[in-house]
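Note sheet for the following structure.
The values are calculated or read from the model by the stated rules, or taken from the named source; none is laboratory data. All of these numbers come straight from a predicted model, not from anything done at the bench. Neighbour counts run over all protein chains shown; Cβ positions are idealised from the backbone, glycine included. Each accessible area value is taken on the protein alone, full model and side chains, heavy atoms only, with ligands, DNA and RNA left out. Shrake-Rupley method; radii C 1.70, N 1.55, O 1.52, S 1.80 Å.
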Amino acid sequence: MMMHTNLAQLRALKLDGLATGLEDQMSQPGIAALSVEERLALLVDREDHSFNDRKLLRLMKNAHLKYYQADIEDIDSHAGRGIDWREVTSLALGN
């Protein structure tokens, strides 16, 4: 019962990544072999990734981009468009 309270508190504090990570740890049988510091590091890493993902999504939505979820692979590069795929790849890689 205490764990459910902890999970509810984590979600109320908007620490969803931490709560999800804790739930995942509880479902893994071999997790008890890790030290407290190792488990905490995994949870903090999970929350950090969750925070960065939410931040990136928020920034992309606020940018009001027409295609904010577009990928390089979505570019229509038919011969008639005159797009050099090698050049697009070079730009995507930052060259």
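Does Ser35 satisfy the criteria of being on the phi < 0 side of the Ramachandran plot, polar (S, T, N, Q) and either in contact with a Gly (Cβ under 9 Å, 6 or more places away or on another chain) or touching a residue at least 60 places away in the same chain (Cβ under 8 Å) (or both)?
Taking the combined requirement at face value, the residue does not satisfy it.
Only one residue in Leu59, Leu65, Leu10, Leu43 is free of Cβ contacts under 8 Å to residues at least 24 places away in the same chain, open to solvent by less than 60 Å² (accessible area, probe 1.4 Å) and not acidic (Asp, Glu). Which one?
Testing whether each residue is free of Cβ contacts under 8 Å to residues at least 24 places away in the same chain, open to solvent by less than 60 Å² (accessible area, probe 1.4 Å) and not acidic (Asp, Glu) leaves just Leu10.
Just one of the numbered conditions (1) among the small types (Gly, Ala, Ser); (2) modelled with pLDDT of 85 or more; (3) in a loop (DSSP other than H, G, I, E, B) is not true of Ser77; which one?
(2)
Residue check, Ile83 against (1) hydrophobic (A, V, I, L, M, F, W, C); (2) within 21 Å of the chain's Cα centre (by Cα); (3) not in a helix (DSSP H, G or I), all met but one. Which one?
Of (1) hydrophobic (A, V, I, L, M, F, W, C); (2) within 21 Å of the chain's Cα centre (by Cα); (3) not in a helix (DSSP H, G or I), only one is false for Ile83: (2).
Could you tell me whether region 17-36 includes any residue that is under 30 Å from Ala92 (Cβ atoms), open to solvent by 80 Å² or more (accessible area, probe 1.4 Å), outside any loop (DSSP other than H, G, I, E, B) and in contact with a helix residue (DSSP H, G or I) (Cβ under 6 Å, 6 or more places away or on another chain)?
no
Quick one: would you say Arg54 is charged (D, E, K, R), touching an Asp or Glu at 6+ places or on another chain (Cβ under 9 Å), open to solvent by less than 100 Å² (accessible area, probe 1.4 Å) and free of Cβ contacts under 8 Å to residues at least 12 places away in the same chain?
yes
Of (1) surrounded by 10 or more Cβ atoms within 10 Å (Cβ to Cβ); (2) more than 14 Å from the chain's Cα centre (by Cα); (3) closer than 30 Å to Leu7 by Cα, His49 satisfies all except one. Which?
Only one criterion is unmet by His49, namely (2).
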